[in-house]
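J.: Here it is, the structure in full.
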């Protein structure tokens, strides 16, 4: 039986850079729209960020998540999240903060106890205030910024500053696109969603570094080739790797989205969208920006003209 790699052409000659003005402008519009949505509409923050009630329980037998979720939804306590951990009998219940003072929160806990019964062991009950949620939002933003900054420094030292700028813009595009997805759909944005954003950033830079490494290698190999042709060549040479990596990752994440349950559905959908956007941005954002930032070879600007260079050194 043939593998998937056998169906991907070994040598392609796709002119990816032909569409670079349209992709740059289109992606800029998407990022601007995502920023406006974030400011105007905002995100549907989960209990982790808004604050709420957390109850850790242990049941006498394996917990049926769907049945317990239906039971809690009938209490009309607002958004309720159930996450299984450790043993099949253990779970954490998160409920959003109730309107009122501390007595209102205690009444919600009593309602949960009454619905689940006395056979359930209540191992821990905590109240997360709005102040703690605001601190988590702040720390989440700091974590994202530090991640992007660290990636920029890494790419800058490994390659040239032009590659670093292109990588950072590409990652910002991916992060804004995923945040825009949450703003448009109204999906709950919690700590797992933040993990998805950071994972997408890491995946995107991994693919970008592979192409950048091939660009640097071809800069040494093809001394007279114009930059547009050289980047097209580099993208085509790594295309099979990009397709195979993305396809296998999408397959795994699709299984999570379909069978992982509602607890990680937001994470899975964000990953699915982010993987597609990250692959796109690597080819149509990061690579073209290397052209526009004026990459130099041995102290002189690499020419963008493609005709003479292609005549001198043809793409293999």
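J.: I'd like to check which helices (runs of 4 or more DSSP H) are fully inside segment 184-261 and have at least 2 residues that are more than 26 Å from residue 165 (Cα to Cα), out of contact with any strand residue (DSSP E or B) (no Cβ under 7 Å at 6 or more places or on another chain) and in contact (Cβ under 8 Å) with a residue 12 or more places away in the chain.
T.: Counting at least 2 such residues, we get 191-221, 239-259.
J.: Another question, then. Could you please find all residues in segment 72-91 being crowded, with 16+ Cβ neighbours inside 10 Å and more than 30 Å from the chain's Cα centre (by Cα)?
T.: Within segment 72-91, 72, 77 qualify.
J.: Touching a helix residue (DSSP H, G or I) at 6+ places or on another chain (Cβ under 6 Å) and farther than 19 Å from residue 31 by Cβ: is that true of residue 205 in this structure?
T.: Answer is no for this residue.
J.: Do we find that residue 253 is at pLDDT below 85 and assigned by TED's automatic domain parsing to the domain that holds residue 12 in this structure?
T.: No; evaluated as a whole, the condition is false for this residue.
The values are calculated or read from the model by the stated rules, or taken from the named source; none is laboratory data. Bear in mind the structure is a predicted one, so any value in this text is a computation, not a measurement. Heads up, the Cβs are rebuilt from the backbone with ideal geometry, glycines too, and the neighbour counts pull from every protein chain shown.
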